[in-house]
Structure formats: C-alpha cells, structure tokens
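Right, one structure below, let's go through it.
The values are calculated or read from the model by the stated rules, or taken from the named source; none is laboratory data. In this text the structure is predicted, and so the values were computed from the model without any measurement. Because the Cβ atoms are built from the backbone with ideal geometry, glycine has one as well, and the counts that use them run over all protein chains shown. To get the accessible areas, we keep the full protein, side chains included, count just its heavy atoms, and leave off ligands, DNA and RNA. Shrake-Rupley method; radii C 1.70, N 1.55, O 1.52, S 1.80 Å.
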Amino acid sequence: MKYTKLGKTGLRVSRLVLGTMNFGSRVEEKDAFAIMDRALELGINFFDTANVYGSLGGGEQQHGRTEEIVGRWFAQGGHRREKVVLATKFYQQMDNTLDGPNDAPGVSAYKLYRSLAASLKRLQTDHVELYQMHHIDHGINWEEIFGAYENMIAQGKVYYAASSNFGARHLAYADAAAEKRHFLGLVSEQHFYNLLNRLPELELLPTAQDLGLGVIVWSPLAGGLLADDALSVTTGRRAERVKRLSPSQRQQIADYADLCHELGESESNVALAWILHNPAITAPIIGPSFLAQLEEAVHAVDIQLPADTLARLDKIFPGPGGPAPEAYAW
C-alpha cells in the first residue's frame, strides 16, 4: 500500500479508503469483519462511514447500523481502533419518526454535538479522526459550526473538520472564515468524481488544491458502470443503471472495456488508477462486498497509466476542458 498526507495536515492515510456503506445492508456483519481485518492486513488504514449508513430499504429504517458494526469490530481489540484513521459524517435526519425543526437535514452546532455523541456511542470509540459534514447547508453559519468543531477538537473528540458534497465556493467561504478565527478549518472534501463525471475538474479540484485540501472520491466506479463487464450485467442495481444509459454512453463503456482489455487490467482498476493519477486526489473510496473485490482493488495503486493511455481515456470520456475559466473562456 502507498500513503500520502491528508491535505495540509501531517496525517498519513492510505491511497485507498475502505468504504463501509454496504455493511449491514448488503454485507452481513461477519463478512464486514473479515473485509475490515483484511483491509488492515493490506495496509489500508483509512475507513469511511456515516451515521445514516445501514438502512435495509423497503421502508425499514436502520440508520446507524453500519457504525454499530464498525464499533463491534473495534470492540474485539487487537489494536484495531488504533490502526484506523476513522471518518464519519453528519447532516441527514436520523429518525423519520421525529419531525421537530432541528431533526431535518442540515448543519448546526446543535446537530454536530448531538450527532457526534451518538456516532461515538455506536462506534464504541472516544473520538473520530475526521468528522465530515455530509452535504452543504446553504444556510450554514461558519462562526457557529467552526466554534463547535474547535470545541470538539479541544476535547479530543474530533481531530479534523471536513466536508462532503460541497461546491468550490463553499470551500473558499470556509477557508476565509477559518482564517479569521486562526483555525485550521476544513482539511478535506469528499466528492463525486469519476471518468463519467469530470465536472469537478472545472472548479472543485483546482480550488481544493489551491486551499491545500485533500480530496476523497466517492463512487469512483460510477455506481458500477466503470466496473468489470458492466454492459453484460442483467440483474441488480447496476443493471438498472445500465438500462438508463444512452446509446452514446453505452459506446463509451464498450470502448473503455476494449481499452482495459488491451492493457490487461480490469475496468475497475483502470478507473481507480486514473483517479489516483490526479495530483489533486488523496484517495478514492472502494466499497467491496466481498474479499475478492478488496484484494483486486489494492492492485490499482501500482498501475501507472502512460501518457498515450491517458489521452485515449480523455478521448473516450472527454472532460470539461480543464480548469475554469480557461476551459470555456478565450
């Protein structure tokens, strides 16, 4: 495994993040334990979760189930907790039976304190390294939220503040607010980015680089569309996504599969290697449901994509033309 610093911090994290969203919903607890144990053996020290993960669907709400599974895994001992850089998130409504004005999705000091206390209890730990706002709240009060973060950091319950699904302007607003407080501020942004969604190259990625923020990528395989043999899948959620593809998108996926075949690499690993090639990226999140998927994904950190391959990928999946404003201005 290879490691890098998380943005402007001195914290060293693996170039792959273990995503836990499927734990408790699509992955049984014993299998989740095996995946987490093997991830540590393979050198992955960065785990990502969220307080809302674990719902089973079909109207059965079990938000928090994933954090509980991770917590029971930590409780086994063996220095599991000490070996993990743990990231979790808050923003969403946790209990749909509660409809008070402070139970709705959003970001506030009230919500941070309550959500963090509940997550720490489920995770059976006294701190999280990275506490992420799961989505932008356009009414956010930076004085309020950074005051709460500073308080939790001073108590040792949170080590770093971070965001997810923020726009470039929100990162800039946060940086300015943090500078006024002489506070480190946000250290990373978790964002949707892959070969099929290159819009972040316009504003988000350049802004994160300029501000010294790490970028953690969610859905690097575009919900399985960039995974192996995507066009051949006939059942499950991935098949539904394939059905929604336009003819031109189907051709993109087919051309991409041909390129990967020529390279002798899996579609999944080429997609991960392409993301890892970008200097703005800290690490993509992988969400294995089986040990074999985890074992396969680790190979991606060793794949070096030559210039001609990167050019062919740009031809198959054209980006926005580079960073703004040069991408569209004279």
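Checked against (1) within 21 Å of F290 (Cβ to Cβ); (2) open to solvent by less than 50 Å² (accessible area, probe 1.4 Å), T88 passes all but condition (1). Filtering region 314-328 for residues that are outside any loop (DSSP other than H, G, I, E, B), hydroxyl-bearing (S, T, Y) and more than 23 Å from S188 (Cα to Cα) leaves an empty set.
With the condition kept exactly as written, say whether any residue in region 295-311 is surrounded by 15 or more Cβ atoms within 10 Å (Cβ to Cβ), on the phi < 0 side of the Ramachandran plot, aliphatic (A, V, I, L, M) and more than 19 Å from the chain's Cα centre (by Cα). Talk me through it step by step, then tell me what you get.
Taking region 295-311 first, the residues surrounded by 15 or more Cβ atoms within 10 Å (Cβ to Cβ) are 296-298, 300-301, 303, 305, 309.
From what is left, the residues that are on the phi < 0 side of the Ramachandran plot are 296-298, 300-301, 303, 305, 309.
Subset that is aliphatic (A, V, I, L, M): 297-298, 300-301, 303, 305.
Still in the list and also more than 19 Å from the chain's Cα centre (by Cα): 303, 305.
Yes, there is a match, as at least one residue in region 295-311 is surrounded by 15 or more Cβ atoms within 10 Å (Cβ to Cβ), on the phi < 0 side of the Ramachandran plot, aliphatic (A, V, I, L, M) and more than 19 Å from the chain's Cα centre (by Cα).
Restricting the first member to region 261-279 and to residues that are over 20 Å from P200 (Cα atoms), and the second to residues that are open to solvent by less than 10 Å² (accessible area, probe 1.4 Å) and aromatic (F, W, Y), the beta-carbon pairs closer than 7 Å and six or more apart or on different chains are E267/Y256. The single condition among (1) over 30 Å from Y3 (Cβ atoms); (2) under 19 Å from the mean Cα position of the chain (by Cα) that L226 does not satisfy is (1).
Of all the residues in region 154-172, those that are open to solvent by 10 Å² or more (accessible area, probe 1.4 Å), under 22 Å from the mean Cα position of the chain (by Cα) and free of Cβ contacts under 8 Å to residues at least 60 places away in the same chain number 7.
In the condition set (1) in contact with a helix residue (DSSP H, G or I) (Cβ under 7 Å, 6 or more places away or on another chain); (2) open to solvent by less than 30 Å² (accessible area, probe 1.4 Å); (3) under 29 Å from W142 (Cβ atoms); (4) of a type outside the set (F, W, Y), N102 is compliant with all but (2).
Residues of region 187-242 that are of a type outside the set (D, E, K, R), at positive phi and part of a loop (DSSP other than H, G, I, E, B): G212, S219.
Counting the residues of region 113-143 that are charged (D, E, K, R) and open to solvent by 70 Å² or more (accessible area, probe 1.4 Å) gives 4. A Cβ distance below 7 Å, combined with a sequence gap of six or more or placement on separate chains, defines the contacts here; from region 290-304, residues that are within 15 Å of L263 (Cβ to Cβ) and assigned to a helix (DSSP H, G or I) reach no residue that is among the β-branched types (V, I, T) and modelled with pLDDT of 95 or more.
The residue pairs whose first member lies in region 213-239 and is more than 13 Å from R250 (Cα to Cα) and open to solvent by less than 30 Å² (accessible area, probe 1.4 Å), whose second member is part of a helix (DSSP H, G or I) and of a type in the set (D, E), and whose beta carbons are closer than 7 Å, counting only pairs six or more residues apart or on different chains, are A227/E267.
Summed over region 173-188, residues that are open to solvent by 50 Å² or more (accessible area, probe 1.4 Å) and under 20 Å from L116 (Cα atoms) total 1.
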